[in-house]
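Contents: one structure, followed by commentary.
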């Protein structure tokens, strides 16, 4: 009898804790889950699979005048556009389009390989799913000799549910007036966000939705009709440098892309400036409860983790896109889409040598003042850790494997770009010396894959306490 009682007591002691653990693990709602959509895109997007590129796509542009698109940034050039090699769409029938140079930071790097902007008379889809837009971008990627930083980052972002919309993108061969130009990334224009997100403009600012960009060069663009605001929301300079000779203004500048120019009023400018200033004040006060009622934490965290994985130099002062959506209690500030990763993953010569490696702490949190405040708030940091461990880490590894496979299958296609532009092994902005010395496309891809793989492991160690907090803060 005593032995039976002992066995029963032992079972009780073991089973009850196990039952409690199972309940909290699989039944009890985790508070972190409320910040993300129910389904992450865990299965591979068919349009992002290597099989979708069975025939490496090609875009042919024929201009209708003698104007040179690689030098014309402010006027549209009439042209005809044909494409081949896409599984979903293939046509030899020319489509009318307007063409102009797309002025980005890489504009002066390769004069015969610059980014271009396309505008069609009708919204078109090239990828076979929910991707109809009037404006498309052909990104040259001149400063990235792997030609895969932008594509891989967009690929990863599309697989994360926290980011409501990420531009579709596809590497293609580009021909202009029958001349082979090289490999470009054909992608939806990021300003198309208001179409994909169904944003609604209203003459009453508190009811209107917004799409805008943090861009420190907003007051330096040559083109006209740039609408921007100043927000004095960071006391130490927009990338965290408080020295007097830092060269950056204390104000952050934001370009307003939506509502469009003809719908904007001074009241819209005042409203957006006030909204961002008040949100920044909540951060500095570490009032996380109030902050989380104004910001969509799911998009904020997924946006941050993609940037942090790549150690993106632009994060925090350029090409950082945001939206204000919803009404009443559901009105929130959203982050995204992600954009422009050329100067990332170790491809930036002017930053400290430690920051060209996969290590060096939470790099983006130090450059983006919002995240610097947020990672010191335990409630937010716990959400970041939960999201990394439950979804983003695995998706990042899948992305790396996909890019490795893609580069292997299409190595000859990519190498064709460098037969046209013999820049491998040359010193060239923005690459640091150790990247400029790599003389093969295969070597450039190997560097990128090793960087991202090591970065995943390093972030894993930070987020799970293997590297103590005092070592990276």
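No lab work stands behind these numbers, since they all come straight from the coordinates. Quick caveat: nothing in here was measured; it's all calculated off a predicted structure. A quick note on method: Cβ atoms are made from the backbone with ideal geometry, for glycine too, and the neighbour counts reach across all protein chains shown.
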Sorted from largest down, give the three principal axis spans of the alpha carbons of region 355-470, whole angstrom values. 51, 28, 23
Inter-label distance for residue 82 and residue 461, nm, one decimal - labels placed 7 Å from Cα along Cα-to-Cβ: 5.5
Rank the residues 377, 301 as a footprinting-exposure proxy: fewest other Cβ atoms within 10 Å of their Cβ go first. 377, 301
q = 0.16 Å⁻¹: log10 I(q)/I(0) that the Debye formula gives for region 403-466, counting C-alpha atoms only: -0.64
Please work out the FRET efficiency for the pair residue 359 and residue 132, using the Cβ-Cβ distance as r and a Förster radius of 51 Å; give the result to the nearest 0.05. 0.75
PRE zone check, label point 7 Å out along Cα-to-Cβ of residue 123, amide N under 17 Å, scope region 260-281, hits 260
Would you mind estimating how fast region 55-193 diffuses translationally, via Stokes-Einstein at 25 °C and 0.890 mPa s with the Kirkwood radius over Cα pairs, in µm²/s? 160
With a ≥ b ≥ c from the Cα gyration tensor eigenvalues, square-rooted, and the rule rounded for a/c under 1.5, otherwise prolate when a/b > b/c and oblate otherwise, region 288-372 is prolate
Over the Cα atoms of region 130-200, what is the Rg over Rh ratio if Rh follows Kirkwood? 1.01
Let me have the relative contact order for region 55-193, percent, based on Cα pairs under 8 Å that are six or more residues apart. 23
Residue 55 and residue 408 label points (each 7 Å along its Cα→Cβ direction) are spaced in nm at 2.6
Round to a whole angstrom and tell me the spacing of the C-alpha centers of region 407-455 and region 282-357. 27
Ascending count of other beta-carbon atoms within 10 Å, so fewest first, for 119, 159, 293, 471: 471, 293, 119, 159
